[in-house]
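Student: Structure incoming, see below.
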């Protein structure tokens with residue numbers, strides 16, 4: 001009997017989904033159980049990513065894949081509108097969800113955690129799987145204890161659907177855990193163009209840049225008397241997220257309950 005972790009990839013035809021399939025097919029500790037995607041169904045999963053044929057055809061039916069594949073983990077990089085349903089469906093079948101899609105509400109996360117607890121399985125929702133990005137968040141939260149005046153700027157391509165990014169929101173949440181709400185800026189300031197000061201979060205601002213040619217960057221800028229500090233992370237390609245995805249897949253095998261945030265796996 002194989003001791004490999006059997007993985008279903010949902011959103012297999014997407015850019016992140018293809019990278020996950022490559023990871024699973026090329027890693028000796030992982031095994032592809034199924035690939036799910038509506039736009040590329042009936043394509044061999046290996047051929048889909050430029051590798052040898054696997055005999056596993058992409059299917060459009062996630063529930064059937066969960067029920068029939070004897071999988072351990074579902075990795076989902078789809079869209080916010082379907083991610084909650086996909087996650088709940090995986091938990092129903094006892095398959096551990098590892099979710100890279102953003103847009104979950106706190107109430108949804110709490111409900112999914114309850115479902116995981118009832119099933120006795122682990123799960124992970126991670127706005128960002130980049131180990132460098134997680135370290136950026138941790139460093140920013142540490143700096144906020146000493147530099148409470150700050151702003152977040154995140155940059156993505158113009159095809160990204162949500163703003164601010166899940167990474168920016170998670171960064172803001174981690175900062176707010178150690179920083180008391182402090183309304184920044186001049187109390188007399190006025191926006192002559194609506195939104196010029198960015199989105200308001202717990203006293204500070206988050207700015208989202210969306211431009212073609214941009215991949216993914218985020219910086220947290222801190223201001224103090226006579227000095228400033230910038231903490232920045234740049235991602236250049238999707239392959240950089242795969243070590244974190246593998247770590248997430250392995251870690252959820254030993255957890256019970258839903259973990260929100262990859263930072264919980266990094267000391």
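The values are calculated or read from the model by the stated rules, or taken from the named source; none is laboratory data. Computed from a prediction, not measured in an experiment: that's the story for all the values here. Positions of Cβ are generated from backbone atoms using ideal geometry, with glycine treated the same way; all protein chains shown enter the neighbour counts.
Student: Any idea which of 259, 152 is surrounded by 12 or more Cβ atoms within 10 Å (Cβ to Cβ), in contact with a helix residue (DSSP H, G or I) (Cβ under 8 Å, 6 or more places away or on another chain) and over 27 Å from residue 115 (Cα atoms)? Don't jump to the end; show me each part of the working.
Tutor: Working: 259 fails: over 27 Å from residue 115 (Cα atoms).
None of the other options fit; the residue is 152.
Student: Here's something else I'd like to know. If you scan the range 221-236, which residues turn out to be in contact with a helix residue (DSSP H, G or I) (Cβ under 9 Å, 6 or more places away or on another chain) and either surrounded by fewer than 17 Cβ atoms within 10 Å (Cβ to Cβ) or more than 22 Å from residue 206 (Cα to Cα) (or both)? Talk me through it step by step, then tell me what you get.
Tutor: Residues of the range 221-236 in contact with a helix residue (DSSP H, G or I) (Cβ under 9 Å, 6 or more places away or on another chain): 222, 229, 231-235.
Within the range 221-236, 229, 232, 234 qualify.
Student: How many residues, within the range 172-212, are closer than 14 Å to residue 155 by Cα and outside any loop (DSSP other than H, G, I, E, B)? Don't jump to the end; show me each part of the working.
Tutor: From the range 172-212, those closer than 14 Å to residue 155 by Cα are 198, 206-212; that's our starting set.
Now narrow it down to the ones that are outside any loop (DSSP other than H, G, I, E, B): 206-210.
So the count comes out to 5.
Student: Moving to a separate point now. With the requirement that a residue be touching a strand residue (DSSP E or B) at 6+ places or on another chain (Cβ under 7 Å), at pLDDT 95 or above and part of a loop (DSSP other than H, G, I, E, B), what does the range 13-42 give you?
Tutor: Correct list: 29 only.
Student: Tally up the residues in the range 225-265 that are without any contact (Cβ under 8 Å) to a residue 24 or more places away in the chain, more than 14 Å from the chain's Cα centre (by Cα) and more than 18 Å from residue 144 (Cβ to Cβ), please.
Tutor: 4
Student: Kindly list the number of the only condition in (1) in a helix (DSSP H, G or I); (2) in contact with a strand residue (DSSP E or B) (Cβ under 7 Å, 6 or more places away or on another chain); (3) surrounded by fewer than 17 Cβ atoms within 10 Å (Cβ to Cβ) that fails for residue 107.
Tutor: (2)
Student: Could you check how many residues of the range 1-52 are without any contact (Cβ under 8 Å) to a residue 24 or more places away in the chain, in contact with a helix residue (DSSP H, G or I) (Cβ under 7 Å, 6 or more places away or on another chain) and closer than 22 Å to residue 85 by Cβ?
Tutor: The total comes to 0.
Student: Could we say that residue 90 is crowded, with 18+ Cβ neighbours inside 10 Å, part of a strand (DSSP E or B), in the same structural domain as residue 242 (by TED's automatic domain parsing) and modelled with pLDDT of 95 or more here? Spell out the reasoning first.
Tutor: Working: crowded, with 18+ Cβ neighbours inside 10 Å: yes; part of a strand (DSSP E or B): no; in the same structural domain as residue 242 (by TED's automatic domain parsing): yes; modelled with pLDDT of 95 or more: yes.
The answer is no for residue 90.
Student: Determine if the range 115-126 includes at least one residue that is under 19 Å from the mean Cα position of the chain (by Cα), surrounded by fewer than 16 Cβ atoms within 10 Å (Cβ to Cβ) and either at pLDDT 95 or above or at negative phi (or both). Outline the logic, then answer.
Tutor: Of all residues in the range 115-126, those under 19 Å from the mean Cα position of the chain (by Cα) come to 116, 122-126.
Still in the running and surrounded by fewer than 16 Cβ atoms within 10 Å (Cβ to Cβ): none.
Within the range 115-126, none of the residues are under 19 Å from the mean Cα position of the chain (by Cα), surrounded by fewer than 16 Cβ atoms within 10 Å (Cβ to Cβ) and either at pLDDT 95 or above or at negative phi (or both).
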